[in-house]
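Structure, as structure tokens:
The values are calculated or read from the model by the stated rules, or taken from the named source; none is laboratory data. This structure is a prediction, so every number in the text was calculated from the model and none was measured. Cβ sites come from the backbone with ideal geometry, for glycine too, and all protein chains shown count toward neighbours. The area values use the complete protein model at the heavy-atom level, side chains included, leaving out ligands, DNA and RNA. Shrake-Rupley method; radii C 1.70, N 1.55, O 1.52, S 1.80 Å.
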Amino acid sequence: MSDRLHDPLRDRFTAIADLRDDSDWLDVRRRARRAARRRSLLAAAAAVAVVLLLAAPALGLHRVVVSFFDSEPAPQRVQLDFARQELGAPKGMAPGAIPDQTRKVVVPTANGGRTFVWVAPTRSGGFCVRWEDPVGGCRTRAVGGQIGAGWMGRSEDLTFVYGAVLSDDAARLELRYEDGTATDVPLTWVSPPIDAGFYFLEIPPAHLEDGARASELVLYDEAGGVLATERAPVLDPLTEEDPTTGVPRIVRYDERRLLHSITTENGRTIELYEAPSRRAGTCAWLESRGTLYRAFFGCAVGSGSTPTIGAGLAGGSAPVLLTGMVSDDVARLELRFQDGDRIEVPAIEGFVVAELPRQHWAPGHRLELIVAFDASGTELGRKPWDPTTRGVYPCAKQDEVDLGLGVTTCP
Amino acid sequence: MESHAARIEQVYRERYVGFRNALAAVTGDRDSARDAIQEGFARALRSARGFRGDGPIEAWVWKICLRSALELRGRGSRHASLDDVEAGLVEPLADPMLADALRQLPARRRLIVFLRYFADLSYAEIAAACDVSEGTVAATLTQARASLAEQLQEVKG
């Protein structure tokens, strides 16, 4: 069927169409690269948080050695960043950075360039870092991996690798490629209390192609013995989000079923969907206005893989939701509050979603216990919930707690 | 075989102006439409390997661009909300009669009209972009044209 032969409507649209071409394909490519890097930063930060082995302080002559305390002190804004990181950490998770000892360490890159990293020692003997291209994280000195690499980019397009090795025996770091070639990665050893070898490498364009990509890092000792290897990450394409839905591709989205829908106190409709996984089991997620909501997404391989109460609070802003999975035998959850109030939440095919009413946001009225029951009313399990955890329940600006250095949170 | 990334670039180079004009009808101005197009194509490029090829790539990219546009407007996304996408001429004074006539159409029908006449998508591409059948697209456009013709006649009369 065609409407092209004679269509006065087309003439009218053509007459008012803006025919200016302000397209910019290079900008599209830049945005695509930037986003890929942003996404990798989270993974990189997690990788850097890996716990590693304490190294002895001896320094070999084969290394470029930088004296930590002779390095340039960090300006106040950088110190504040590290300090805020401490203040903003969840209870018991603060890395213990010593912000006012932060130094700037210049690190040569393999292609003759230079970058730098802000390094702050921690009270436990580890260190926190923030690279020039702001990726960062903290490491403690305990048993674990030795190379501690962070990778930027994705499996098909890894563009940078960086990190710090802690093994005192480390003499040389090598990046191997799929085509059998390899590149030496310069190590810049920073003296105690940091005592680690930093590295940063931009992967050459020739090694961004199929069959020649980065495959692994290998750490050698002085005698050429292999101390450690670390494989380049391979992204599972099924874990990537479908850009049209925001939901990971592992879901057979066309087969989704609406399990439950709620309308929150602020008028938002939140829907709970379920669909088969492309691997095994089923996945569930929340949608609002047609897209994944608050990144709530989970898959269960089968019965027995889900804890009795795998649900918890998702808050920080309104609405505060109780959401998650429960075991197949759970028929309902009972939410018990500090003020004695109780709310029942039905389990729908192994999932729950409910809003915590505003009257249960204030201290003294908050959730403190979740109890699971089966269809006969038999109690199946309990899950305590700490009502004093900060940042879960929204609050008015004037009620925020000032943690110092400009960091505030709801009590 | 031509890669998906190359096809996305081809769609961009051939369809940019049409996509921008159609999306501007959704966002309300061309600058934000341009931003959504740039972001949408960037997302499509990043996800090129995930394009399953079970429909026209133009429709797939359009969906992504529409989602970008709705996000930029602080709203949600495409499918469930297609009936909520309030598209309209960016400059209604350029053709007030047409603008008025378009406003009389239901939201989804109006969007299909913009996809046809601004983005120049085929019936098959519109069908895939809006998750409806080609027959529905044909019927919708026929109804839209009739409705618009009637409206415009009334205005003229």
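Side notes on the structure shown:
- Criterion (open to solvent by less than 80 Å² (accessible area, probe 1.4 Å), within 11 Å of another protein chain (Cβ to nearest Cβ) and either over 30 Å from B:L98 (Cβ atoms) or at pLDDT below 85 (or both)) met by exactly one of A:A58, A:A74, A:A36: A:A36
- Among the candidates B:R73, B:R15, the residue that is open to solvent by 30 Å² or more (accessible area, probe 1.4 Å) and at pLDDT below 75 is uniquely B:R73.
- Apart from one condition, A:E230 fits all of (1) touching a residue at least 60 places away in the same chain (Cβ under 8 Å); (2) part of a loop (DSSP other than H, G, I, E, B); the exception is (2).
- Residues of region A:69-89 satisfying the condition of being part of a loop (DSSP other than H, G, I, E, B) and either over 24 Å from the mean Cα position of the chain (by Cα) or touching a residue at least 60 places away in the same chain (Cβ under 8 Å) (or both): A:F69, A:D70, A:S71, A:A74, A:P75
- Check on A:A228, under 30 Å from A:D70 (Cβ atoms) and in contact with a strand residue (DSSP E or B) (Cβ under 7 Å, 6 or more places away or on another chain): yes
- Where A:D329 falls short, out of the listed (1) over 30 Å from B:A69 (Cβ atoms); (2) open to solvent by less than 40 Å² (accessible area, probe 1.4 Å); (3) in contact (Cβ under 8 Å) with a residue 24 or more places away in the chain: (2)
- Residue, nearest to the chain's Cα centre (by Cα), within region A:229-247, restricted to residues that are open to solvent by less than 30 Å² (accessible area, probe 1.4 Å) and more than 10 Å from chain B (Cβ to nearest Cβ): A:V247
- For region B:84-130, taking the residues that are within 10 Å of chain A (Cβ to nearest Cβ) and acidic (D, E), the one that is nearest to the chain's Cα centre (by Cα) is identified as B:D120.
- Subset tally (residues that are assigned to a helix (DSSP H, G or I) and loosely packed, with under 10 Cβ neighbours inside 10 Å) for region A:12-26: 1
- Taking (1) at pLDDT 90 or above; (2) under 30 Å from the mean Cα position of the chain (by Cα); (3) in a loop (DSSP other than H, G, I, E, B); (4) of a type in the set (A, V, I, L, M) in turn, A:A318 satisfies each apart from (1).
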